[in-house]
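First up is the structure itself, then whatever we jot down about it.
The values are calculated or read from the model by the stated rules, or taken from the named source; none is laboratory data. Keep in mind that what you see is a predicted model, and the values were worked out from it rather than measured. All Cβ positions, glycine included, derive from the backbone under ideal geometry; neighbour counts span all protein chains shown.
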Amino acid sequence: MAELIVALDVQTREEAVAAVKRIGDSVGFYKIGLELYTAEGPDVVKAVRDLGKKVFLDLKFHDIPRTVERAVRSGGKLGVDLMTIHSVGGKAMIAAAKAAALEFGEAAPKILAVTVLTSLDQTDLEDVGITGRTPAGQVEAMARFATANGADGLVCSPREVGNLSAILPKGTLFITPGVRPAGADVGDQKRIATPADAVRDGSTHLVVGRPIMAAADPAAAARAILAEIAGCR
Ligand code: C5P
């Protein structure tokens, strides 16, 4: 069954710990991204792990292979379950990330590749020299490239996951942000889907932030999304 990951988009360790405690037992997986990690560092990862939760460390590594390998090793030592890299870092970088993860055996973090940031459109791609492909074509090409070179899965929009899950090997992980329960505030997300749609299209992990974190009762909001996911089986 697809797993729910709550995005801990807060600025301090205290807020993060309070949110995890408030949401309670129903959610076992949290995403720590650049904002919180840059503010609080590994201590916040340890704090969330100490509460018995799994961690998706979303730092989107993109550097020379040796540096990424060593960064993934550091993440593995922190006990994180999922980590992100940019697929445009190239073959050797993706392979180095995967090799470092595998050093942790059963506890190996899964390596997820970002294909094309959802903030980029055709003109943005052309600006950085990616011509002759639509954003969707580039997403597909990079998804094939990343998984062929060792990535365990992809971060993708719920609008892309149907196509990608049809063309990529079974067992590939699909992590989809941009999920909104029917009737929820969309915020700044443009290409959204409901939890049920995302799961039906092949999403293995749903990342949800504001619909839970900003809810009057975050635990109830999380339970409602979990019920929707469970209804898809
Ligand atoms: O609050 P919301 O549910 O929109 O949060 C979604 C989370 O997923 C945020 O942490 C956001 O940075 C992240 N994300 C995203 N879209 C992407 C990649 C990551 O919304 N394409």
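Listed values, structure above:
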| quantity | calculated |
| --- | --- |
| Subset of the range 112-162 (residues that are aliphatic (A, V, I, L, M), under 24 Å from Val207 (Cα atoms) and crowded, with 18+ Cβ neighbours inside 10 Å) | Leu112, Ala113, Val114, Val116, Val139, Met142, Ala143, Ala146, Ala151, Leu154, Val155, Val161 |
| Boolean, Gly202 is within 15 Å of the ligand (Cβ to nearest atom), free of Cβ contacts under 8 Å to residues at least 60 places away in the same chain and over 24 Å from Ile32 (Cβ atoms) | no |
| Flag if Thr118 is outside any strand (DSSP E or B), hydroxyl-bearing (Ser, Thr, Tyr), out of contact with any helix residue (DSSP H, G or I) (no Cβ under 8 Å at 6 or more places or on another chain) and away from the ligand (no atom under 16 Å from the Cβ) | no |
| Arg191 being basic (Lys, Arg) and modelled with pLDDT under 95 | yes |
| Single residue of the range 61-72 satisfying the filter (surrounded by fewer than 17 Cβ atoms within 10 Å (Cβ to Cβ) and in contact (Cβ under 8 Å) with a residue 12 or more places away in the chain) that is nearest to Ala96 (Cα to Cα) | Arg66 |
| Some residue of the range 155-168 being over 29 Å from Gly89 (Cβ atoms) and away from the ligand (no atom under 11 Å from the Cβ) | no |
| Pro181 vs. criteria farther than 14 Å from Leu154 by Cα, modelled with pLDDT under 95 and either part of a helix (DSSP H, G or I) or within 13 Å of the ligand (Cβ to nearest atom) (or both) | yes |
| Pick from the range 20-44, criterion hydroxyl-bearing (Ser, Thr, Tyr) and part of a helix (DSSP H, G or I), ranking: surrounded by the fewest Cβ atoms within 10 Å (Cβ to Cβ) | Thr38 |
| Enumeration of residues in the range 82-106 that are away from the ligand (no atom under 16 Å from the Cβ) and in contact with a helix residue (DSSP H, G or I) (Cβ under 7 Å, 6 or more places away or on another chain) | Gly89, Ala92, Met93, Ile94, Ala96, Ala97, Ala99, Ala100, Ala101, Glu103, Phe104 |
| Selection count, the range 169-178, where residues are touching a Gly at 6+ places or on another chain (Cβ under 7 Å) and more than 11 Å from the ligand (Cβ to nearest atom) | 3 |
| Residue list for the range 48-60, restricted to those being surrounded by 18 or more Cβ atoms within 10 Å (Cβ to Cβ) and part of a helix (DSSP H, G or I) | Val48 |
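Conditions (1) of a type in the set (D, E, K, R); (2) within 15 Å of the ligand (Cβ to nearest atom), marked per residue:
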residue: Gly132; (1), (2): no, no
residue: Asp185; (1), (2): yes, yes
residue: Ala193; (1), (2): no, yes
residue: Gly209; (1), (2): no, yes
residue: Ala220; (1), (2): no, no
